[in-house]
Amino acid sequence: MRGVVFIYETVREWCVKFGQNPQLSCCAFLVTSYFAAARTRKGSCGPNPKDDETQDSQEFCQTYTGHAMKPRTLLIIAFVLLVSPNLTSASQDDGAAVIDSFIARQAKREQGEEYKEARKVMTGDLTHDGEPETVVLYTIEGQGGSNLYIQYLAVFTRKNGKLMPLTHADVGGKSTRGVELISVANNLILLNTLSYGPKDASCCPSIKGTTRYTLSGSKLFEQKRGKSSPRHLPKQ
């Protein structure tokens, strides 16, 4: 096992050493490592490498003496190093696309559009299973040509590796209250709030507070804390 870890760390180090593009560098090093490892197993790597070998090849032989592995194993390790960042990036891109599509469909139903600069995304475990859910606070404005806006909280979960919408609820908006997503931890979603005082204009809530949401099954439930009671005003 120590040999595997040693090979893994060395491959990663050489991927950076061989050039500015890590993916191309890994490809180049993958080929080099295959042949060098093959020579190591055949005994051609020794204290006196051939004169026509490159300095890097000599260094590689010396590095792997005493840590020889099957060339196939080394290729697998290098291949994992090469593709794993792409897999992670692809997963993140797919998740973002699912969120974009979900919000866009809702905005279309409400005849409004998302105020994208206000979107906030966080992850955390809400179901006590050790797996993180994705929580999104987003705003849809201009419903039906009006000057309204509504803030929503949505929860997404992964099924078979794919991000899927689980539930959503309206949590704030014009003439109700403003909310800001603070954290997702300890099975709770924490938000800061700005609610209306008796003399506040509809544009400017002034009472600071906090509120929490929990997920039960496929529904969000609010557990209010602080001065956070929303005040409903006539639509304008």
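Dividing the alpha-carbon radius of gyration of the stretch 110-226 by the rule-of-thumb value 2.2 N^0.38 Å gives 1.11. Each label point was placed 7 Å from the Cα along the Cα-to-Cβ direction; for A118 and S216 their separation is 2.9 nm. Among the listed pairs K159/K208; K108/K219; K162/K219; K120/K159, those with a Cα-Cα distance over 31 Å are K159/K208. I need the Debye-formula profile for the stretch 101-176: one equal scatterer per C-alpha, no solvent, reported as log10 I(q)/I(0) at q = 0.19 1/Å, two decimals. For the requested q values the scattering log ratios are -0.79.
Read-outs throughout are calculated quantities, based only on the coordinates presented, and are distinct from any laboratory measurement. None of these values were measured; they are calculated from a predicted model. Using ideal geometry, Cβ is built from the backbone for each residue, glycine included, and neighbour counts are taken over all protein chains shown.
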